[in-house]
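The values are calculated or read from the model by the stated rules, or taken from the named source; none is laboratory data. Just so we're clear, the structure is a prediction, and the values are computed from it rather than from any experiment. Cβ atoms come from the backbone with ideal geometry, glycine included; neighbour counts cover every protein chain shown.
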Amino acid sequence: MRFSAEDLLSALLEATPRPTYEAPRDARGLYGLVDHHGHLRYIGLTSSAAETLYKRIHRRHRTGSENTSHYFSAMYNTGRMWRDREDALTKADGDIAKALRNEFVVDHCRAVWLPLPDTADIARLEAEVLALAPDHAIAWNRRRMQAYDEPVDLVDVTLRRLGWGAHELAAIERQRLRFLTAKAGPVANPSPRSAPIRQTRVTPFPKGPFRFFALDVETANNDRGSICQIGVACVRPDNSIETWMTYVDPQVDRWVFTSLHGISARTVRGAPTFAEVLPVLRDALNGATVYQHSGFDRSAVSAACGNGGLPIPQWDWRDSVQVARAAWPELRGNGGHGLASLKQHLGLVFDHHDAGEDARAAAEVVLRAEGVQPVRAQVLVQAGMAPTADEEDFDLIEDASDIVIAAAPEPKVAQIPLDPISHRDAGHHIGTAEITQGNIDNNHIYLRSFFEKFPADAIGGSNRASAAQREIAVDWGGGAVVMTDLDGQKKFFRKRGWIREFFDRNGVRAGDTVSVQEIGSYSYRVVLQRHT
């Protein structure tokens, strides 16, 4: 039997995750490990005829040592579940922490698997699948991600199930403190076999108070989550600006935008990872207004969080492009409202495609707009209003090198009634789809009657292994914008998990219609259109 790597990868990506102890005890093949967020993070194989899927997944990855290729053990060697297996003095406490980790994986992690016949060349198939797999699905392979911070609430759930007493709870608390000490600096007499602890220092963030912030990122490649530089402009009450910038090690092998921003793997060597930078930003920007110039920066932060299994920060995002459109409508069709055009029109001085410089420029745009048309600009900012079809322009891409990165839609601040769709909230309408009971049962929306309106390079094949080279951003009124390509055979959005919540949230019934609007380059909005 001939096995296609594309079909095998698609099967792994689309399989329903199951508890590790359900893995087959009498078969071998390919498998994937799923983290506590529900994301596929590792793809592997059973290495010999004597090693079943159950043995490899449930017995090795879950209960094996932390410093070898046992990835559940390695990625959750953290907090109260941490141990140093080489430290004989803490062995008793460490064994209790390890037992907690084993049970945590049973409770909160999952796996997928594909049993294959013994005659199959599993090693070759694994290599072919890994070559096709998206980065996020193999983020654990070869330790390309660091261990997670302790998921405290989930660990507490496991502890309640276990019903441990004071002795065990004291032991894991001691392990938590030892973990924090080890993370902060080298321990005495470290074992040469222990995994190195990354020692980095994130640049201290400026002290406020600040009126608002503007944030900009640069990325290493087409993956929005490959952030390699972050800049934040901090605007004080007197309108002076202090800029904070850090390079970020995206831990990727592909660098395709170095010629655009000048940042390379060598530039970020020794820089903190996104997981190390995010806590600093989360604390500094919590509860504040954060401007971005178009929607890309917000989507990049969300993608980087997704790649690292991190919670997405719920900042009050605003779009300085909309502020500029309100203040200088004469630029529509005459250079547009991208930073390059505004630089010339307003006489701004900054180096484009440097995150710190671009963030400062976005902040200056907001300050200039407040002086030009403060009332109109402020109304747009506070309401989170998107431009109408008459105001919309699609000139944010400023040079040919930028075209490979799609702009995401403006974030919504509040849910807006959908009966009927207002002109204020509507983008450029491209089509309407009638919802069938089959759509509701299977979580999809047919786009057949207007499928040609979508960009060709965002249309892929019939499975995830043949996904398109670009994705579109879909704002559906939920908490986060969805990044997906389109299934060219079935003619619907490939990612469909959000559609169930969209249907439930809006009480969609068979016969209702959905409007799809284009709100920017590679950016769309989906809204329910009721007939009253």
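Answer yes or no as to whether D253 is among the charged types (D, E, K, R) and either buried (at least 18 other Cβ atoms within 10 Å of the Cβ) or within 17 Å of L215 (Cα to Cα) (or both). No; evaluated as a whole, the condition is false for this residue.
Taking the stretch 150-173 as the range and being in a helix (DSSP H, G or I) and within 16 Å of C109 (Cα to Cα) as the test, the residues that pass are V152, D153, L154, V155, D156, V157, T158, L159, R161.
For the stretch 445-487, the set of residues classified as in contact with a helix residue (DSSP H, G or I) (Cβ under 8 Å, 6 or more places away or on another chain), part of a loop (DSSP other than H, G, I, E, B) and farther than 14 Å from S515 by Cα consists of N463, A468, Q469, R470, E471, G478, A480, V481, D485, listed by residue number. Taken as a whole, the structure places A74 among residues that are part of a helix (DSSP H, G or I), touching a residue at least 40 places away in the same chain (Cβ under 8 Å) and within 27 Å of A27 (Cβ to Cβ). Restricting the stretch 119-149 to residues that are in a helix (DSSP H, G or I) and without any contact (Cβ under 8 Å) to a residue 40 or more places away in the chain, the residue that is farthest from the chain's Cα centre (by Cα) is R124.
The set of residues in the stretch 429-441 that are part of a helix (DSSP H, G or I), of a type outside the set (A, V, I, L, M, F, W, C) and farther than 14 Å from K491 by Cβ comprises Q437, D441. Return yes or no: is H261 over 15 Å from the mean Cα position of the chain (by Cα) and either surrounded by 21 or more Cβ atoms within 10 Å (Cβ to Cβ) or at positive phi (or both)? Criteria not met by H261. So, in the stretch 195-225, of the ones that are at pLDDT below 85 and small (G, A, S), which residue ends up farthest from the chain's Cα centre (by Cα)? Ranking the candidates gives G208 first.
Count, please, the residues in the stretch 312-366 that happen to be at positive phi and either in a helix (DSSP H, G or I) or touching a residue at least 12 places away in the same chain (Cβ under 8 Å) (or both). Adding up the residues that qualify gives 4. Scan the stretch 226-244 and tell me whether some residue there is modelled with pLDDT under 85 and either outside any loop (DSSP other than H, G, I, E, B) or within 23 Å of the chain's Cα centre (by Cα) (or both). No: zero hits. Of all residues in the stretch 497-529, those satisfying the criterion of being part of a loop (DSSP other than H, G, I, E, B) and either among the polar types (S, T, N, Q) or surrounded by fewer than 16 Cβ atoms within 10 Å (Cβ to Cβ) (or both) are G507, R509, A510, G511, S521. Just for the stretch 78-118: of the residues that are small (G, A, S), surrounded by 21 or more Cβ atoms within 10 Å (Cβ to Cβ) and part of a helix (DSSP H, G or I), which one is farthest from the chain's Cα centre (by Cα)? Filtering the stretch 78-118 for residues that are small (G, A, S), surrounded by 21 or more Cβ atoms within 10 Å (Cβ to Cβ) and part of a helix (DSSP H, G or I), the one farthest from the chain's Cα centre (by Cα) comes out as G94. For the residues A50, A5, A23, the requirement of being over 13 Å from A111 (Cα atoms) and buried (at least 17 other Cβ atoms within 10 Å of the Cβ) singles out A5. Scanning the stretch 466-494 for residues being crowded, with 16+ Cβ neighbours inside 10 Å and not hydrophobic (A, V, I, L, M, F, W, C) gives a total of 11. No other residue among T16, T63 is among the β-branched types (V, I, T) and more than 21 Å from P134 (Cα to Cα) apart from T63.
Restricted to the stretch 81-114, and to residues there that are of a type in the set (V, I, T) and more than 30 Å from L30 (Cβ to Cβ), the residue that is modelled with the highest pLDDT is I96. Against the definition (modelled with pLDDT of 85 or more and either more than 19 Å from Q229 (Cα to Cα) or in a loop (DSSP other than H, G, I, E, B) (or both)), how does D283 come out, yes or no? Judged against the criteria, D283 is not a match.
Of the residues making up the stretch 63-80, not one is at pLDDT below 95 and of a type in the set (K, R).
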